[in-house]
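A.B. asks: Submitted below is the structure of interest, expressed as C-alpha cells.
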Amino acid sequence: MLFLFLPKQITIMRILTRDDIIDTYSKIIQRGSSFIFSKFTLNKKSRTISAFDDTAFQTSNWWIIPAVKERWNKLITGNTTINYEQHLIDNYIKNESGLRLLSLGSGSCSHELELAKYPQFDKILCVDIAPNGLEAAKKNADAQQLTNIDFLCTDIMSYDFKKDYFDFVLFNASLHHFEDVHTLLKDQVKNTLKVGGKLVINEFVGPKRLQYPKHQVKAVNQALKLIDKPYRRRYKTNLLKNSFSGSGVIRMIIADPSECVDSSSILPAIHKNFKTIEEKPYGGNILMNVLKDISHHFVNPDTRRKEILKELFAFEDAYLKENQSDFVFGIYQK
C-alpha cells in the first residue's frame, strides 16, 4: 500500500491499495471490460457519467439489504417502516400545497418519484448529468401518470437557478459528488430557495476521497471477522473478502473524478449557511465497507445470516459512540 502524507491537513492519502486491484478485477467480471475501458479518457465528465449511466447494472452494496434499509429508517424516523420521504411529509408539509422541489444529482429519481405521488407537490424537477437514469425515471413517471415531475439532463454548473423559486432542494447521495460544496450551497442553493425554504440531504459526509483514518480501517477488518466464510464470497466472483484496505486516490479519480471530491466539507458548509432543523446520523462507517460486494448474501437471510447482521449492527453502534457518522439525513432552513 502506497501512502502520501499531507502535513497541513494531518491526513494520510492512500495512493494505491490491495483493494484497488481486487475491485478492478471484480468490476471487469461484474460490469464487463467495456466499463473498464470507459475510464481510459482524459475527460473527467465522461468518466463520471460512465460511473452512473448503466441502468442495467446490478449491485451488491449495502443499500440492497432490506434489514439495512430498516435500520436507516429506525435511526432517521424512529420507525423501521417509515422512510424519510414519509417522515418529511408527515412532520413538515402535511397541510401544505403548491410546493416546488428541486433535486440535484437525482440519478434514477426513485425518491423523487415517491414524493411526486403526494398532492403537496405541484412541481418536482430532477436534474442529473447522466441521461439513462432520467430516461428510465420518465418512463416510470408516465406509467404512473405523474404529471408534477420533470427531468432535465445537464451539468449542474450549467443549470440556471431561478431566484427565490423552490420550497425544497434535495440532495440524495449526490452532494458528495460536487466540487466546492460551500460555494454551491451559499450561491446557488440559497439563491434558488424561497425565504424559509428548506435544504434536505441524505448524504455521505465522511472523509474526502474515502480516505478513512487507520482506526476505521482496523475496525472494518475486525467486523469482517464476524461474517462466516461462505457469506464473504464477492458478487459474481470466486474471490473471498478476507480483508479491507480502503480505496487509493488514483483509482478513485480514474473511476469517478466526482466521488467524494469534497464530502468532508458538507456539514461545515451547511451549518455555516443554513439553520439546522433536524439532523440524524445513521452510520455506514462500518457497514458500507464491510458489506460492499457481499451484500447479496443478506438480501433474504436465514437465521444465521440474520444473526450476523445483528452482530454487525451492534458493532457499528459501538463504533459510533466514539466516532462521527459517515452518513447523515438532515433538514435545514434558509
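Here, each number is a calculation from the coordinates, and none is a lab measurement. Since the structure is predicted, the reported quantities are computational estimates derived from the model, not experimental observations. Heads up, the Cβs are rebuilt from the backbone with ideal geometry, glycines too, and the neighbour counts pull from every protein chain shown.
A.B. asks: Taking a point 7 angstrom from the Cα of Ala318 along the C-beta vector, which residues in the range 201-245 have backbone N less than 18 Å away?
C.D. replies: Backbone N within reach: 215-228.
A.B. asks: Here's another thing I want to ask about it. Set the bar at 31 Å for Cα to Cα. Now go through Lys69/Lys275; Lys94/Lys334; Lys306/Lys334 and name every pair that lies beyond it.
C.D. replies: Violating the 31 Å limit, Cα to Cα: Lys306/Lys334.
A.B. asks: When the helix-only estimate is applied to the chain (DSSP H runs of n ≥ 4, each -39,500 (n - 2.57), divided by the residue count), what is the mean residue ellipticity at 222 nm, nearest 500 deg cm²/dmol?
C.D. replies: For the chain, the value works out to -9500 deg cm²/dmol.
A.B. asks: Scan the chain and report its longest stretch carrying no chymotrypsin sites (Phe, Trp or Tyr not before Pro) that are both in a DSSP loop and have at most 16 other Cβ atoms within 10 Å.
C.D. replies: No qualifying site falls inside 166-334, the longest such stretch.
A.B. asks: Give me P(r) over the chain, computed from all C-alpha to C-alpha distances, binned every 10 Å, as integer percentages.
C.D. replies: The calculated distribution, bin by bin, is 5, 24, 35, 26, 9, 1.
A.B. asks: Run through all the Cα pairs of the range 251-334 and give the fraction in each 10 Å bin from 0, expressed as whole percent.
C.D. replies: Over the range 251-334, the share of Cα pairs per 10 Å bin runs 14, 33, 32, 18, 2 percent.
A.B. asks: Any idea what the relative contact order of the chain is, in percent, if you count C-alpha pairs under 8 Å spaced at least 6 apart?
C.D. replies: It comes to 22 percent, rounded to a whole number.
A.B. asks: Follow-up. Strictly over 22 Å apart at the Cα level, which of Lys117/Lys198; Lys186/Lys321; Lys208/Lys241 would you flag in this model?
C.D. replies: Lys186/Lys321; Lys208/Lys241
A.B. asks: Full-extension gain between Lys229 and Glu278, please, as 0.36 nm times their residue separation minus the C-alpha to C-alpha distance.
C.D. replies: 13.6 nm is the gain from fully extending Lys229 to Glu278.
A.B. asks: A further question follows. Which is the longest part of the chain that has none of the GluC sites (Glu not before Pro) sitting in a DSSP loop with at most 14 other Cβ atoms within 10 Å?
C.D. replies: The answer is 180-321.
A.B. asks: Search the structure for amide H atoms under 5 Å from the amide H of Val169, placed 1.01 Å from N in the peptide plane, and list their residues when 5 or more places away or on another chain.
C.D. replies: Excluding prolines and chain starts, which carry no amide H, the hits are Leu102, Lys198, Leu199, Val200.
A.B. asks: Taking the radius of gyration and the Kirkwood hydrodynamic radius from Cα positions alone, what is the Rg/Rh ratio for the range 174-297, to two decimal places?
C.D. replies: 1.06
A.B. asks: Hey, another quick one. As a footprinting exposure proxy, order Lys214, Lys275, Lys292, Lys190 by other Cβ within 10 Å, with the fewest listed first.
C.D. replies: Exposure proxy ranking, most exposed first: Lys214, Lys275, Lys190, Lys292.
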